[in-house]
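Asks: My structure is below; once you've seen it, I'll send some questions.
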Amino acid sequence: MTTPVHFTHNGRPVSLFTEAGESLLSLLRLKLGDQTPKYGCGQGGCGACSVRIDGQLRLACLTLAETVDGAEVETVAALSAPNLDPLQEAFMDHFAAQCGYCTPGMIVAARTLLDTNPRPSRDEVIEAISGNLCRCTGYEPIIDAILAVAAQEVSA
Amino acid sequence: MYHVNYRRAGSVAEAADLLAEAEDGQLLAGGQTLIPTMKARLAAPSDLVDISGIEDLIGIREGDGAIEIGSMTPHAAVAASEVVRARIPGLAGLAAGIGDPAVRHRGTIGGSLANNDPAACYPAGVLALGATIVTNSREIAAEDFFLGLFATDLEEGEIIVAVRFPQPARSGYAKFPQPASRYPMAGVFAAETPSGIRVAVTGAGEDGVFRHEGLEAALAEDWSRAAAAAVEISPEGLASDIHGAADYRAALVSAMAAEAVARAASRKPKG
């Protein structure tokens with residue numbers, strides 16, 4: 001069974017057919033060609049596919065594509081146009097991306113945190129990225145990068 | 001994941017109809033457990049009936065001496081609710097600690113209860129607070145609702161519409177999360193309720209959530225961290241698995257009980 005879905009993808013209205021049971025992640029990557037959300041575990045354990053749906057942090061792999069009809073879906077690609085998000089700059093400055101596979105999810109989770117809580121404590125940062133696994137960079141540079149942006153945005 | 005038909009229900013009645021029509025239908029709440037289970041091919045319903053968008057099922061209402069939470073209210077909304085934070089702080093704290101931020105935006109109280117995972121947080125809060133589970137056909141006391149691992153008193157096609165919590169005098173929850181899954185290896189909810197002191201334990205029991213009579217008796221005498229810590233917790237009936245043996249879980253239950261009481265004492269609501 002195919003169903004039409006209409007939603008906005010990074011601000012752009014899109015309409016397409018989705019197969020029954022298809023995940024938002026597969027729709028984004030394979031049908032819309034937005035490969036910024038990553039396929040990690042595919043079962044909600046790693047956070048590599050983190051996106052925002054109507055402003056809320058969500059896992060694209062656990063979201064049925066049919067459920068986003070009418071929603072606003074944002075991937076990390078929305079944050080980097082026209083200029084890189086300060087979080088992306090900070091991740092580079094702090095060497096917070098080694099293999100880079102968790103990075104899009106980390107950035108989306110971190111941006112969602114800073115949008116709602118501009119001055120997070122270190123513990124709040126840790127909690128905010130608790131659903132995002134990193135297996136090679138190590139969490140410390142990631143946490144430092146997020147805190148650096150928070151300090152910079154608050155003082156700006 | 002196997003092929004599945006997705007159906008969005010606009011009302012509880014429509015959901016019941018869609019479920020009855022389906023060959024092997026299943027309700028979809030937040031899907032934070034069901035979807036991974038289907039992806040692992042451990043479940044293969046013919047149809048998913050999505051009730052997460054039914055507006056009547058979402059929200060928090062203050063009633064006479066009670067708070068009612070709609071079954072499709074996500075954890076993040078319970079955690080952020082000023083009503084719940086002021087009146088049942090233990091429950092707000094419990095909701096704030098479930099899973100991770102993405103899970104909390106999508107996972108629901110009704111979905112958690114219907115699934116009755118032996119390590120889920122909500123069953124402990126619902127049982128300790130002496131809540132009532134309201135379905136589309138009847139009301140079920142928490143006491144009668146949980147029937148062991150992933151088993152509940154819900155009948156085929158029955159839909160949880162809300163959970164009603166009587167106002168406790170105080171309440172607190174503490175859990176020791178397994179570091180990867182963040183499910184509690186032991187979680188203890190302690191409350192002073194209209195029906196007395198109640199303490200429920202999740203994550204540790206072989207048969208899922210249970211009340212601990214020893215802790216309840218001790219706390220009825222003396223509501224204090226020390227009284228909770230002094231209760232001997234037997235490892236009998238506690239789970240042993242790759243993450244911890246029963247005697248280790250018994251020690252965790254003791255520590256979490258003391259912590260839950262300490263948290264409750266410091267947040268007693270006024271009036």
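Asks: Can you work out which of the residues in region A:112-137 that are within 19 Å of A:TYR101 (Cα to Cα) and in a helix (DSSP H, G or I) is farthest from the other protein chains (Cβ to nearest Cβ)?
Replies: A:ILE126
Asks: Moving on to the next point. State all residues of region A:41-54 that are more than 8 Å from chain B (Cβ to nearest Cβ), open to solvent by less than 40 Å² (accessible area, probe 1.4 Å) and part of a loop (DSSP other than H, G, I, E, B); if no residue qualifies, say none.
Replies: Passing the criteria: A:CYS46, A:ALA48, A:CYS49.
Every residue, every condition in (1) under 14 Å from the mean Cα position of the chain (by Cα); (2) outside the structural domain of B:ASP222 (by TED's automatic domain parsing); (3) crowded, with 19+ Cβ neighbours inside 10 Å, yes or no:
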position: B:PRO118; (1), (2), (3): yes, no, yes
position: B:TYR122; (1), (2), (3): yes, no, yes
position: B:THR135; (1), (2), (3): no, no, yes
position: B:ARG138; (1), (2), (3): no, no, no
position: B:GLU143; (1), (2), (3): yes, no, no
position: B:PHE146; (1), (2), (3): yes, no, yes
position: B:ILE159; (1), (2), (3): no, no, yes
position: B:TYR173; (1), (2), (3): yes, no, yes
position: B:SER181; (1), (2), (3): no, no, no
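Asks: Can I ask one more? Can you report the number of residues in region B:9-44 which are surrounded by fewer than 20 Cβ atoms within 10 Å (Cβ to Cβ) and on the phi < 0 side of the Ramachandran plot?
Replies: Residues in region B:9-44 being surrounded by fewer than 20 Cβ atoms within 10 Å (Cβ to Cβ) and on the phi < 0 side of the Ramachandran plot: 19 in total.
Asks: Output the residue which, of all residues in region B:74-104 that are without any contact (Cβ under 8 Å) to a residue 40 or more places away in the chain and away from every other protein chain (no Cβ under 14 Å), is nearest to B:ALA128 (Cα to Cα).
Replies: Here the residue is B:ALA92.
Asks: Just the residues that are part of a helix (DSSP H, G or I) and either aromatic (Phe, Trp, Tyr) or open to solvent by 20 Å² or more (accessible area, probe 1.4 Å) (or both), please, taken from region A:77-103.
Replies: Result: A:ALA77, A:ALA78, A:PRO86, A:GLN88, A:GLU89, A:PHE91, A:MET92, A:ASP93, A:THR103.
Asks: Quick test for you: out of A:LEU24, A:LEU32, A:LEU64, pick the one residue that is in contact with a helix residue (DSSP H, G or I) (Cβ under 6 Å, 6 or more places away or on another chain) and either within 11 Å of chain B (Cβ to nearest Cβ) or not hydroxyl-bearing (Ser, Thr, Tyr) (or both).
Replies: A:LEU24
The values are calculated or read from the model by the stated rules, or taken from the named source; none is laboratory data. Given the structure is predicted, the values throughout are model-derived calculations rather than measurements. Here Cβ is always computed from backbone atoms with ideal geometry, including for glycine, and neighbour counts include all displayed protein chains. The protein model used for the area step is the full one, side chains on, heavy atoms only, and it has no ligands, DNA or RNA in it. Shrake-Rupley method; radii C 1.70, N 1.55, O 1.52, S 1.80 Å.
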